[in-house]
Each structure stands twice: as structure tokens, then as C-alpha cells.
Number of protein chains: 2
Amino acid sequence: MNDGLTEITAYLHEHIPLTRHLGAIVSDYDQCSITLRAPLTPNLNHRNTAFGGSISALAILSGWALLHLQLRQLNFKARLVIQKSEVDFSAPITEDFEAVSYMPQAADCERSLKTLRRRRRARVNIHADVRSALAVGGQHVGTYVAEIL
Amino acid sequence: MNDGLTEITAYLHEHIPLTRHLGAIVSDYDQCSITLRAPLTPNLNHRNTAFGGSISALAILSGWALLHLQLRQLNFKARLVIQKSEVDFSAPITEDFEAVSYMPQAADCERSLKTLRRRRRARVNIHADVRSALAVGGQHVGTYVAEIL
């Protein structure tokens, strides 16, 4: 794991203690997407599959971390919060799993950045897949609001 | 806390380990609603308010627990899973908080029960408020699917 991934994982573990219990780690990040992994065992439910609450939490976190890193790279000091979260649980997850959040298309990004610069506040939708090696278990759409500090 | 509440709390803590880390307890239950409480401290985020993932998880859990108890009282042996979860985060939560899930209106309940008896499978939407003593912090709509075993 490179230094940047270790640093953002440590940040999450320090500031959002539940992420330690999820076992969440940031395993991959580039300009287009971020991947957060979690082991199955601490996230089991009564049916020995991944708990819906864990899937939601990891997905919410992945979108937040992606935008947090993008805003930091752009030298924005911004407050970033989730406003809405929608998860479709398409199949049970029976293994370690990951949430992969994707940046919106370039045109949407540009529009959000323009709004952020002009109004000091912008809203953006981030899509994520939650999947194991075997299957996609869920889709997440998170609406996040960034406010320049 | 009465014996029924202790029992369902223990069930959650045993079978869904993350609920222990959320500090979730079932604090109230009747035919119409259920209340699950969680302390703020283990659920903090980077802004010292309740983490969105914790709010989602507690809300998902509250709807599941309400339906689980209702189905048990009706002597249904059913598999109960969440299919969809939508959370609107309306305000930051800065205190200990609770998720209160409400049974649907009687006519909707009747319809779902008829479907469950006839097709051995039914879908139901459960609304929840997530709130602290100070404010409502979020609204959840969970779509749950029950399948008779």
C-alpha cells in the first residue's frame, strides 16, 4: 500500500472510529475512482452474509474519501458532508468485499467545480459498486455537499 | 429494559457483531414502532457529529428488528433481508441518537401479510426517523423482503 493510501486510511481510523471496526482500508485511488476494502468477518449479519449497514457505511465512506482527496488535490479547504444515500442491495455478499466509488463524468465535474467556486457550495452525486470477488452485491448513490471554508 | 428488549439486543449483538461497536440497543418496542439507541462517541465522524454510515446502519437495523419481531409474533418463520435503503441526512447529529422505525398503515400491513401468505414472499417499506433529543437528523426508508422458510 503506498503512503497516500496508508495516510487516508489512518485519517479515517482516527477520525471515524467505526471504520476501524468495519476493518475498512483504502486500497486503491486514482483520479477516477477509489476502492475501500473490508473483511467479511467483522461485518457479518445473522445470515452469515455482509450486514446491510456495513455495506452502506463502506459505500458512504468511499464516496466521501474520493471527494475529500480530489478537493485536497485542488487545494480547496472544504467541509464535505453526505446529504443523501441510496443503496440497492442486489445480491448477498459472502466474502471480503470492497466499495468502489467513481468520479462523475468530466462535464459534471466541471459544472460542480464552477458552482463551488462561484457559490462556495456545490452538490455532487457519486456512484459506487459494492462487490466481492464473486459478485456485485450493491449499488450506492451518495449525494455529497461541499462548502468552502 | 424489559426481557424482550434485552433478548433482541443480545440477538443483534451476537449475530451482527458491528451492532456492538455501534453501541446499538433496542430501547423500546410495541406493535407500532421500535426504537434503537446508540451513543454518539463510538459513532463520531471527522466533524464530531454522527457518522452517516452509523446513522444508516442504525436505521437499517431498526426496520429489520421491527419486522423480525412482528413476524415472530405472527409465528412466521421467515428470511428477512433489506433490498433497498434510502437515507436523507437532514441535520447533523451532535448527541446520542436513536432510530425509530414505524409499522406501515394497517391497510398496507394487511396487504403485505396477504401477499406473504399467498406467495410466501412479500416486500414492505418501513420508515424511520433518526433523531437526538435536540433534532431529527435523518429519515430512512428501508425496503425489506420477507420469504417464508
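Just a few scattered comments:
- Residues that are in a strand (DSSP E or B) and either out of contact with any strand residue (DSSP E or B) (no Cβ under 6 Å at 6 or more places or on another chain) or β-branched (Val, Ile, Thr) (or both) were ranked within the range B:5-27; the one that is surrounded by the most Cβ atoms within 10 Å (Cβ to Cβ) is B:26.
- Residue match in the range B:77-93 (condition: at the interface with chain A (Cβ under 8 Å from one of its Cβ atoms), farther than 19 Å from residue B:145 by Cβ and among the aromatic types (Phe, Trp, Tyr)): yes
- Among the residues of the range A:45-59, those that are of a type outside the set (Phe, Trp, Tyr) and either at positive phi or open to solvent by less than 40 Å² (accessible area, probe 1.4 Å) (or both) comprise A:45, A:48, A:49, A:50, A:52, A:53, A:54, A:55, A:56, A:57, A:58, A:59.
- Test: residue in the range B:94-103 that is among the charged types (D, E, K, R) and within 22 Å of residue B:149 (Cβ to Cβ): no
- Members of the range A:94-123 that are within 14 Å of chain B (Cβ to nearest Cβ) and either surrounded by 15 or more Cβ atoms within 10 Å (Cβ to Cβ) or among the polar types (S, T, N, Q) (or both): A:94, A:97, A:99, A:101
- Residues being facing chain B (nearest Cβ under 10 Å), over 14 Å from residue B:85 (Cβ atoms), of a type outside the set (Phe, Trp, Tyr) and surrounded by fewer than 24 Cβ atoms within 10 Å (Cβ to Cβ) are entirely absent from the range A:28-37.
- Some residue of the range A:135-146 being away from every other protein chain (no Cβ under 13 Å) and out of contact with any strand residue (DSSP E or B) (no Cβ under 8 Å at 6 or more places or on another chain): yes
The values are calculated or read from the model by the stated rules, or taken from the named source; none is laboratory data. Only a predicted model underlies this, so the values are computations on that prediction, with no experimental measurement involved. Reconstructed Cβ throughout: ideal geometry from the backbone, glycine too, with neighbour counts over all protein chains shown. Quick note on the areas: whole protein, heavy atoms, side chains included, nothing else; ligands and nucleic acids left out. Shrake-Rupley method; radii C 1.70, N 1.55, O 1.52, S 1.80 Å.
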